[in-house]
């Protein structure tokens, strides 16, 4: 029987997830800091290239990741074999997803040219994108394994694996971007390769840990349990997971359009915007950990048939996420100059006063939306844990494509400044936050059942 969701018990589950997600963000943050030292062109290319890759990979990864809600609900229902079957289905989905991502490498590379990018910028973007897409199969399989342990509540295991992957990524970044001894400098290709290799290492560690669990024991036993009711569980997982994946892709597509529009600003403004976005992602990543924690807790309590505890767990996780956002916003504003200095190479051509001035303005805007983002992301995670994935998908579509992007294009063609472009994000995040919060508070999700009767 699961106990009452106290703040202490929630933090015990959530803190490894939050810091683990920060570790994943650090992998990308380190890429950008190292690349800024290598060349400003690499820094300018890596952001749109990584965003486009996540438009494709993010969908498949989110579908696979929804297996965590199934593992959690089976855990709450006391069905260990159900959790193992969910893991097996997720692995199959991860393998298929990785192969489909490989098929998207050539179509994706044409996008950079279609939006008008040329020369070395185009070459760098295509190089980074291609390598990241090749590494997507390891990412999807690693996601399946992480969600198995997370759904069971073993978040510390996932945390330490993320730490190992992060350390390996930093070491490989330094070696492959700048070269070391007989190993030549690979620049932006080295950054992408380092991330892909670190993700592969994470999966191999988690895979070995999963096979050692008593519920699985061996690959043969995993196959034996996983085959039972495979087609039916695969279908149900797709039914709830695909809307979750579409939510991700709608979010990423709308944001990628925004990024490509801002990429048409001058190189200095673009570099500053990308630098602040890198910091924003670093701060937002732990919120994804809070969201996964809310999804896990709500899923476990719903699986146990205790909607009252599920509501309390979701609410308290949201409060903790908002507290984190307020604290980190204060830290970023207090140390914005040292943070921005990390993105200035020794031979940088950026105007220092201009960078600090524009950077501080963008940081102000970023911290303005952080608390609203914390509420939206965490309450969205809670809704996913209960199976309310169709709502979050449709609400994302309405807010992103019928509210935000029309506003973005209006500002782009009439008030084309970087601060004005960023201001549109505040409007967007406040609106989507209000809708998600109302949906969570009204409690329609209590009626949804994702497990078989």
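Here are some notes:
- Within segment 215-261, if we keep just the residues that are without any contact (Cβ under 8 Å) to a residue 24 or more places away in the chain and in a helix (DSSP H, G or I), the residue that is nearest to residue 56 (Cα to Cα) turns out to be 239.
- Flag if residue 340 is over 30 Å from residue 242 (Cβ atoms), in a helix (DSSP H, G or I) and either at pLDDT 95 or above or in contact with a helix residue (DSSP H, G or I) (Cβ under 6 Å, 6 or more places away or on another chain) (or both): yes
- Residues located in segment 416-443, provided they are within 30 Å of residue 82 (Cβ to Cβ), touching a helix residue (DSSP H, G or I) at 6+ places or on another chain (Cβ under 8 Å) and assigned to a helix (DSSP H, G or I): 436, 439, 440
- Residue 387 being within 27 Å of residue 279 (Cα to Cα) and either free of Cβ contacts under 8 Å to residues at least 60 places away in the same chain or under 24 Å from the mean Cα position of the chain (by Cα) (or both): no
- Residue under evaluation residue 65, criteria (1) under 30 Å from residue 39 (Cβ atoms); (2) under 24 Å from the mean Cα position of the chain (by Cα), criterion not met: (1)
- Annotation: of all residues in segment 140-154 being surrounded by fewer than 24 Cβ atoms within 10 Å (Cβ to Cβ) and in contact (Cβ under 8 Å) with a residue 12 or more places away in the chain, the one that is nearest to residue 103 (Cα to Cα) is 149.
- Residue in segment 325-336 that is in contact (Cβ under 8 Å) with a residue 60 or more places away in the chain and part of a helix (DSSP H, G or I) present: no
- In segment 161-188, the residues that are in a loop (DSSP other than H, G, I, E, B) and either under 20 Å from residue 128 (Cβ atoms) or in contact with a helix residue (DSSP H, G or I) (Cβ under 8 Å, 6 or more places away or on another chain) (or both): 179, 184, 185, 186, 187
- Candidates in segment 189-214 are the residues that are surrounded by fewer than 15 Cβ atoms within 10 Å (Cβ to Cβ) and assigned to a loop (DSSP other than H, G, I, E, B); of these, the one that is nearest to the chain's Cα centre (by Cα) is 212.
- Residues that are in contact with a helix residue (DSSP H, G or I) (Cβ under 8 Å, 6 or more places away or on another chain) and in a loop (DSSP other than H, G, I, E, B) do not occur anywhere in segment 352-368.
- Failed criterion for residue 11 (all others in (1) part of a loop (DSSP other than H, G, I, E, B); (2) at pLDDT 85 or above hold): (1)
- Filtered residues of segment 155-175 (kept if farther than 25 Å from residue 72 by Cβ and surrounded by 24 or more Cβ atoms within 10 Å (Cβ to Cβ)): 169
- Count of residues meeting criterion [under 16 Å from residue 7 (Cα atoms), under 24 Å from the mean Cα position of the chain (by Cα) and surrounded by 24 or more Cβ atoms within 10 Å (Cβ to Cβ)] in segment 293-321: 11
- Residue match in segment 396-415 (condition: within 26 Å of residue 340 (Cβ to Cβ), at pLDDT below 95 and either in contact with a strand residue (DSSP E or B) (Cβ under 6 Å, 6 or more places away or on another chain) or not in a helix (DSSP H, G or I) (or both)): yes
- Where residue 229 falls short, out of the listed (1) buried (at least 20 other Cβ atoms within 10 Å of the Cβ); (2) at pLDDT below 90; (3) over 28 Å from residue 401 (Cβ atoms): (1)
- Answer from 418, 366 - the residue that is farther than 19 Å from residue 58 by Cβ, in contact (Cβ under 8 Å) with a residue 12 or more places away in the chain and surrounded by 22 or more Cβ atoms within 10 Å (Cβ to Cβ): 366
The values are calculated or read from the model by the stated rules, or taken from the named source; none is laboratory data. Since we're looking at a predicted model, the values are computed, not measured. Here Cβ is always computed from backbone atoms with ideal geometry, including for glycine, and neighbour counts include all displayed protein chains.
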